[in-house]
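Visitor: Before we start, here is the structure in question, set down as structure tokens.
Read-outs: derived from the displayed coordinates by stated rules, not from any lab. Just so it is clear, the structure is predicted and the values come from calculations on it, not from any experiment. We place every Cβ from the backbone using ideal geometry, glycine too, and count neighbours over all the protein chains shown.
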Amino acid sequence: MGVTIEEWLAEMERLGLSGTDADGITIAEIAEASGISRETLRVRMRAAIEAGLAEYAGKRTMASIDGRPTAVPVYRLMGGEQ
């Protein structure tokens, strides 16, 4: 990966993407703000969840590319609180 989970979470917080609010944050939102690919973010999010530094927070309905509503996973980043 080249970056530790803690460094990645710190960068997300620096970008204002802590995802700690009730709604959480999507991989697409993180990708748009950070410029990191969605696939890389999925790998990092999975590692953060396994380390107890993030959690799956449910789904949010958003418009897909063709405008239809679709449910997308939402996550909350826990930072170093645990």
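Visitor: May I ask which residue of A28, V43, A71 lies farthest towards the positive end of the charge dipole of the chain, with charges of +1 (Lys, Arg) and -1 (Asp, Glu) on Cβ and the Cα centre as origin?
Guide: A71
Visitor: Which one, (1) 16, 40, 27, 13, 4, 0; (2) 18, 55, 22, 4; (3) 12, 18, 17, 17, 22, 13, 1, gives P(r) over Cα pairs in 10 Å bins from 0, in percent as derived from the coordinates shown?
Guide: Computed from these coordinates, P(r) over Cα pairs in 10 Å bins from 0, in percent corresponds to label (2).
Visitor: Around A54, which amide H atoms from residues at least 5 apart in sequence, or from another chain, sit under 5 Å from its own amide H, with H modelled in the peptide plane?
Guide: Amide H to amide H, under 5 Å and 5 or more residues apart or across chains, A54 pairs with I49, M78.
Visitor: Could you size up the charge dipole of the chain around its Cα centre, putting +1 on the beta carbon of Lys and Arg and -1 on that of Asp and Glu, and report it in debye to the nearest 20?
Guide: Computed charge dipole of the chain: roughly 320 debye.
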